[in-house]
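These notes concern the structure reproduced below.
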Amino acid sequence: MSKFWSPLVNDLVPYVPGEQPKMANLVKLNTNENPFGPSPKVIEAIQAELNDNLRLYPDPEGESLCQAIADYHNLKPEQVFLGNGSDEVLAHIFYGLFQHGEPILFPDITYSFYPVYCGLYRIEGQKVPLTDGFEINPEDYKQPNGGVIFPNPNAPTGRYLGLEHVEEILQANPDRVVVVDEAYVDFGGESAITLVDRYPNLLVSQTLSKARSLAGLRVGFAVGHADLIEALNRVKNSFNSYPLDRLALAGAKAAYEDDAWFRKCCEGVISERKRVTVALEGLGFEVLPSKANFIFARHKETAGEVLAKRLREQGIIVRHFNKPRISDFLRITIGTPEQNDALISGLRSL
Ligand code: PMP
């Protein structure tokens, strides 16, 4: 803190991202990246974009990417909003679509950026407890609020809420925006995007960081009724007119044009998730049912913190959260078969 800081900055409690270690040769299973890498067509598209046009600003609306995403999901391009990663999309949602004066509801165990945005924009957040089985209970989202947001599947639990329950929450809040953060939906969940045309209060956010292996490119988007998208564009254009650069726009579009690659990566993660789950159960872990590219697991005897430290000593990084109710758990990203083998044998040797 210094005398030059604004009081607004003094009050901030920022998000702390998972570690991005500098050393090579680590088995990195801590930030839910996709182990299989982007489609070769994405690399080609980015290389083709490396030309003299870089002197020009990119398309501020990213029209051709909006069109590609709209075509993929059977929507109109004016129903698509792009951002520099879904974190930025979420930031604009909190600013532009959530009402002040009543609390924004989100699960008590969830993506820890949500309370950070509440702090940044000085809106009240209310954490809603999960059930004993770490599930979202739709009944708890039928109380006065300024907006609702939850990941589906939830993070870091990996638990998925069926669309019939998502609809219950939408129907209970016709005058409030309900945001379904689908960062991990492609690993076995069903997307609420199919509901967008029936619910003007629904906004679905997705990212290219996970299933499409492009965390380094920073592309996310939201889809919903054109009115909601217009509000987000107003916020965006009051902040940064060009959130996506030329390389990101070209690479992201190519990712949507290589569906076979996308499906293969998702299937690879899902089958490895099954294998890792069975192996960990055999080693004395309780593993929550996951529809994400990670699992959330606790050992019957050894504390999560101890396990994370011992794995780290073997060059394997997983995520441990020192938070009430979940401090026993490890969140483990599903890696390549070789990385997962290293994890399993690492745990076996402890
Ligand atoms: N939502 C959830 C639930 C996440 O876990 C993440 C990744 N940390 C994001 C959104 C943001 O992803 P990105 O900014 O890479 O699109």
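The values are calculated or read from the model by the stated rules, or taken from the named source; none is laboratory data. The model shown is predicted, which means the values in this text are computed figures rather than measured ones. No Cβ is skipped: glycine too gets one built from the backbone with ideal geometry, and neighbour counts run over all protein chains shown. These area figures cover heavy atoms from the full protein model, side chains too; ligands, DNA and RNA do not enter into them. Shrake-Rupley method; radii C 1.70, N 1.55, O 1.52, S 1.80 Å.
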> Taking +1 at the Cβ of each Lys and Arg and -1 at the Cβ of each Asp and Glu, which of 211, 199, 240 sits farthest along the dipole of segment 161-240 towards its positive end, judged by Cα position relative to the Cα centre?
Replying inline: 240
> By how many nm would the segment from residue 12 to residue 264 lengthen if fully extended, with 0.36 nm per residue of separation less the alpha-carbon distance?
Replying inline: 86.6 nm
> Using Cα pairs under 8 angstrom and six or more residues apart, how large is the relative contact order of segment 227-350, in percent?
Replying inline: 21 percent
> How would you classify segment 260-350 from its alpha-carbon gyration tensor, with a ≥ b ≥ c the square roots of the eigenvalues: rounded for a/c under 1.5, else prolate if a/b is greater than b/c, otherwise oblate?
Replying inline: prolate
> Counting alpha carbon pairs within less than 8 Å and at least 6 residues apart, what relative contact order, in whole percent, applies to segment 67-156?
Replying inline: 31 percent
> ³J(HN,Hα) across segment 208-219 via Karplus (A = 6.51, B = -1.76, C = 1.60, θ = phi - 60°), whole Hz, x for Gly/Pro?
Replying inline: 9, 6, 9, 4, 9, 6, 10, 4, x, 8, 6, 9
> Given +1 on the Cβ of Lys and Arg, -1 on the Cβ of Asp and Glu, and no further charges, what dipole in debye does the chain carry about its Cα centre, rounded to the nearest 20?
Replying inline: 1140 debye
> Given the options 48, 215, 226, which has the most mean-square fluctuation in a GNM of the chain, springs set between C-alpha atoms less than 10 angstrom apart?
Replying inline: 48
>> Can you give me the C-alpha center-to-center distance between segment 239-284 and segment 149-180, rounded to a whole angstrom?
In response: 22 Å
>> Classify segment 1-57 from the C-alpha gyration tensor, please: rounded if a/c falls under 1.5, else prolate or oblate depending on whether a/b exceeds b/c.
In response: oblate
>> Out of the total accessible area of the chain (probe 1.4 Å, heavy atoms of protein only), what percent is carbon and sulfur?
In response: 52 percent
>> I need the peptides 297-305, 112-120, 3-11 ranked by packing, meaning the mean over residues of other C-beta atoms within 10 angstrom, with the highest value on top.
In response: 112-120, 297-305, 3-11
>> Please report the spacing between the Cα centers of segment 35-63 and segment 102-129 in Å, no decimals.
In response: 35 Å
>> When a/c reaches 1.5 or more, the comparison of a/b and b/c decides; with that in mind, is segment 53-97 rounded, prolate or oblate per its Cα gyration tensor?
In response: oblate
> Using modelled amide H (1.01 Å from N, peptide plane; none on Pro or chain starts), what sits under 5 Å from the amide H of residue 294, excluding residues fewer than 5 places away?
Replying inline: 334
> Amide H of residue 128: which non-local residues (sequence gap of 5 or more, or other chain) have their own amide H closer than 5 Å, using H built in the peptide plane?
Replying inline: 106, 108
> Can you list, bin by bin at 20 Å, the percent of alpha carbon pairs in the chain, starting at 0?
Replying inline: 29, 58, 12
>> Please enumerate, by chain and number, the lysines with C-alpha under 17 Å from the C-alpha of residue 274, excluding those fewer than 8 residues away in the same chain.
In response: 264, 291
> From the residues 350, 188, 74, which one has its Cα farthest along the dipole of the chain in the positive direction, the dipole being from +1 and -1 charges on Cβ of Lys/Arg and Asp/Glu about the Cα centre?
Replying inline: 350
